[in-house]
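As structure tokens, the structure follows; a few thoughts come after it.
Values in this text are rule-based calculations from the coordinates and carry no lab data. As the structure is a prediction and not an experimental result, all values here were calculated from the model. Ideal geometry is used to build each Cβ from the backbone, glycine not excepted, and the neighbour counts take in all protein chains shown.
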Amino acid sequence: MHDGGRQPRRVVITGLGVVTSIGIGVTEFLAGLREGRSGITPITSFDTTGFSHANGAEVTDFDPAEWLERVDPDELGRAGQFSAAAARMAVGDAGLTVEELRGKRALVSVGTTDAESRDLDNLVAQQLAHGPESWNPVIARRSTAGRLSSSIVRELALTDVEAVTIPTACAAGNYAIGNGFDAIREGEVDVALVGGADAVCRKTFTGFYRLGTIAPEVCAPFDKDRKGILTGEGGGILVLESLESALARGARIYAEVLGYGLNCDANHPVAPDRDSLARCIELAHRNAGVKPEDVDFISAHGTGTKANDVTESGAIRQVFDAPPPTVSIKSMLGHSMGAASALASAACALAITEGFIPPTINHCETDPEVGLDCVPNQARPATLDVVQNNALAFAGNNSVLILGRYRDAV
């Protein structure tokens, strides 16, 4: 609860850091979104012998040593490297020096699905082959989930900081952004570094493969001939601060965080629930002070499975009399798990700033059960004032974020 005599602060996004399969850094990521670039390649992170198909969205050109200045990359797992590197990028993009950042009360909140499951995969393989005494101690030390947030603290040498890792799976990036929004809005911190990170791992790929949901070649959300998801990886960190702080230092403002909604129906381990997601969207609209007709486009969870696409589109139609254009950037960069909604939020902020709607690529014919304008294959120029970012996760965890164009008065 905020103090009775003080209005809640307005919260804005002033920095973006992204590591993705379609581009590293804001400039390349933006170019990839505009072009409808595909980040899908054959998986090389682990041996895929025995799988009939094994494409994914790996980040193939990432060298953590190019981005990390204080932490030895070998002390971090791949997801931690993504997280720390994206944070370093975001702080620079926000026009903050590390010294300025260290003088502020800060929150670091990072969402994830798998944390360092790639390291855990390797430790399990070592144990099965040679026993637990064969574990590499460096890998064992860096495999804890808390490293995703603490890696940022270490890399930036922050002191007056709260560091949280949020494990709400594929909705976790939006959860982390909501966490930062609340903390700044209520004056608990001055700046928040928020987002998500995950790395491609055998466990998650194999799990989705056994569920029959891995697409043979491409991810084609909302298409009538879609075949499923493709697992991916990456990291996205956003710098949030109060509007007052941003204006005082002359910062560029990508977008304003208007509000968000969270709920968990716990209805089914893997199947989404339409009514529950519709309620979450309504919660987000109410929290943000917007109406459905105010929303100019939706960044959908859009995994490319029938269960997700039909359920999500049904929830959207349940809330919106006339749904706005609805896209899935997972068609380009796969499903990056805990990083997915953070990267989609970064894409939404760029879409507002740059005046365009990213495309849903690999799209031939929209599934009649979906019935949405999916902005097929080519980006579309658009003036965007309010955008919605959906995220769904296993066990019925839903998170919906609402961003808006910054205006002098609301």
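For the chain, the number of Lys pairs with C-alpha atoms closer than 18 Å, counting only pairs eight or more positions apart or on separate chains, is 5. For segment 258-404, a/c is less than 1.5, where a ≥ b ≥ c are the root eigenvalues of the C-alpha gyration tensor. That puts it in the rounded class.
For the chain, a/c is not less than 1.5, where a ≥ b ≥ c are the root eigenvalues of the C-alpha gyration tensor, and a/b does not top b/c. That puts it in the oblate class. Dipole size of the chain about its Cα centre, with +1 on Lys/Arg Cβ and -1 on Asp/Glu Cβ: approximately 260 debye, rounded to the nearest 20.
Relative to the Cα centre, the charge distribution of segment 258-404, modelled as +1 at Lys and Arg Cβ and -1 at Asp and Glu Cβ, gives a dipole magnitude of about 280 debye. Considering only DSSP beta bridges where both residues belong to segment 12-248, give the percentage that are antiparallel (nearest 5). Counting DSSP beta bridges with both partners in segment 12-248, the antiparallel share is about 60 percent. Only bridges whose two residues both fall in the chain count here: according to DSSP, what percent of them are antiparallel, nearest 5? So the antiparallel bridges in the chain amount to around 65 percent.
With unit charges on the beta carbon (Lys/Arg positive, Asp/Glu negative), name the residue among GLY92, CYS201, PHE222 whose Cα is farthest towards the positive pole of the charge dipole of segment 12-248. Result: PHE222, furthest along the dipole toward the positive end. When only Cα pairs below 8 angstrom with a gap of at least 6 residues are kept, the chain shows a relative contact order of 23 percent. Think of the chain as a dipole: +1 on every Lys or Arg Cβ, -1 on every Asp or Glu Cβ, centred on the Cα centre; then among THR112, CYS170, LEU262, LEU262 lies furthest on the positive end. Between ALA266, ALA125, ALA339, the Gaussian network model of the chain with springs among Cα atoms under 10 angstrom shows the greatest mean-square fluctuation at ALA125. Projecting the Cα atoms of GLY371, PRO323, ILE361 onto the charge dipole of segment 259-392, computed from C-beta unit charges around the Cα centre, puts ILE361 farthest toward the positive end. Normalising the average separation of contacting C-alpha pairs (under 8 angstrom, six or more residues apart) by the number of residues puts the relative contact order of segment 258-404 at 37 percent.
Mean-square fluctuations from a GNM of the chain, with a 10 angstrom spring cutoff on Cα atoms, peak among ALA183, ALA57, ALA65 at ALA65. The peptide list 75-86, 356-367, 92-103, 159-170, put in order of mean Cβ contacts within 10 Å with the highest first, becomes 75-86, 356-367, 159-170, 92-103.
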